[in-house]
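Comments concern the structure below.
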Amino acid sequence: QGTTLSTPAGLASAIPFAQGATTISAVVYSPDSGIQVRLKVEDAANGQISAETEATTTVANGWQTLVFDFANPAANTAALNFANTYNKVTIFYDFFNNPTKDNRNHLTWRFEQLLFQFHELSEIHLF
């Protein structure tokens, strides 16, 4: 089960992915380390157009910044295509586990901010 970080119509502007500008960072709180987190971007008007990547938490019961590099797609997902529009973002915590496995349905994950870095010194706050 994921959490969409935009309106159903998408973000105000599409994410400007380009060669060398493929990362989004998220500040997240995780109850455990070693948790797989997946980030999905898609075209709000066409859910068949999407790209997904993953990062793993290394901090338990604390905040950390995860960097999601869409140049490295998650297994069995489409590669990022710079010609596509990506204006919807969804985050999935503990992606590979069933919510009831190991009683994980009582755990809380939090999200604080999402940043797209398109230049070494430039970034856009997506959320």
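The values are calculated or read from the model by the stated rules, or taken from the named source; none is laboratory data. Computed from a predicted model, the values in this text were never measured in an experiment. Glycine gets a Cβ as well: all are built from the backbone with ideal geometry, and neighbour counts include every protein chain shown. Accessible surface areas use protein heavy atoms only, side chains included; no ligands, DNA or RNA. Shrake-Rupley method; radii C 1.70, N 1.55, O 1.52, S 1.80 Å.
Every listed requirement among (1) at pLDDT 90 or above; (2) buried (at least 21 other Cβ atoms within 10 Å of the Cβ); (3) of a type in the set (Val, Ile, Thr) is met by ILE35 save one, (1).
Can you give me the ranges of the strands (runs of 3 or more DSSP E) entirely in the stretch 1-71 with at least 2 residues that are within 17 Å of THR85 (Cβ to Cβ) and within 15 Å of the chain's Cα centre (by Cα)? Outline the logic, then answer.
Working: elements: 23-30, 36-43, 46-56, 62-69.
Qualifying strands (runs of 3 or more DSSP E): 36-43, 46-56.
Looking only at the stretch 41-60, filter to residues that are closer than 19 Å to ALA79 by Cα and hydrophobic (A, V, I, L, M, F, W, C); which one of those is most open to solvent (accessible area, probe 1.4 Å)?
Within the stretch 41-60, the subset closer than 19 Å to ALA79 by Cα is 41-55.
Subset that is hydrophobic (A, V, I, L, M, F, W, C): 41, 44-45, 49, 51, 55.
On the way: VAL41: 0, ALA44: 32, ALA45: 99, ILE49: 42, ALA51: 2, ALA55: 13 Å².
Within the stretch 41-60, the match that is most open to solvent (accessible area, probe 1.4 Å) is ALA45.
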